[in-house]
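Before any comments, here is the structure.
The values are calculated or read from the model by the stated rules, or taken from the named source; none is laboratory data. Please read these numbers as outputs of a predicted model, since none were measured by experiment. Methodologically, a virtual Cβ is constructed for each residue, glycine included, from the backbone with ideal geometry; neighbour enumeration extends over all protein chains shown. Quick note on the areas: whole protein, heavy atoms, side chains included, nothing else; ligands and nucleic acids left out. Shrake-Rupley method; radii C 1.70, N 1.55, O 1.52, S 1.80 Å.
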Amino acid sequence: MYDPNNIFGRILRGEIPVAKVYENEHVLSFMDGMPQSDGHTLVIPKVPSRNLFDAQPDVLAELIKATQYVAKGVKKAFNPDGIRIAQFNEPAAGQTVFHLHFHIIPCYEGQELRVHARGMADPALLTAHATKVVDALKKQGP
Ligand code: 5GP
């Protein structure tokens, strides 16, 4: 059911670099590598689960708390008109990476979201975006 060699499992083991935004003992948050809009951020639990259905309730609680916290930072950093929080279960629903995660997707009036999970962004741009969120979170406090 859970394959530890999925891309987020590898990111958690430090095998693949990411533009990190936030980390605590329960979660890791980083910029989506193929962002649907500027500021598209992911939050993942550190313990393995494929998606919503095999996750422990306490893991889900920490994940949504962290998602709210990071989303506030994304809001402050990018000042979008709205923010979509998304989570997909299985390929038919759009899941492409099989380690549970929440998407934080800023939405801007008059601007369509880019296609899901297509076209890797410039790593330098992702790092710059992560820095903006990190700075906003620092101002925001815990
Ligand atoms: P899903 O389709 O499973 O809901 O979302 C997976 C997300 O992971 C996609 O939005 C995709 O852009 C992102 N993603 C896939 N591979 C990588 C990667 O290597 N690095 C980062 N930062 N994001 C990735």
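Points to keep in mind about this one:
- Calculated [222 nm] ellipticity per residue, helices only, for the chain: -10500 deg cm²/dmol; basis is -39500 (n - 2.57) per DSSP H run with n ≥ 4, divided by all residues, nearest 500.
- Surface exposure of the chain, expressed per residue as accessible area with a 1.4 Å probe, stands at 55 Å².
- Share of carbon and sulfur in the accessible heavy-atom surface of the range 17-142 [1.4 Å probe, %]: 56 percent
- When 63, 12 are compared by accessible surface with a 1.4 Å probe, the order from highest to lowest is 12, 63.
- Loop-located chymotrypsin sites (Phe, Trp or Tyr not before Pro) in the range 1-71 (DSSP state not H, G, I, E or B) with no more than 16 neighbouring Cβ atoms inside 10 Å: 2.
- The 3J(HN,Hα) values that the Karplus relation (6.51, -1.76, 1.60; θ = phi - 60°) gives for the range 14-29 are, in residue order, x, 7, 10, x, 9, 8, 6, 10, 7, 8, 9, 5, 9, 9, 10, 10 Hz. Gly and Pro appear as x.
- Residue of 26, 129, 99 that the Gaussian network model of the chain assigns the largest fluctuation, springs spanning Cα pairs under 10 Å: 26
- Environment charge at residue 40 (Cβ cut-off 11 Å; Lys +1, Arg +1, Asp -1, Glu -1): 0
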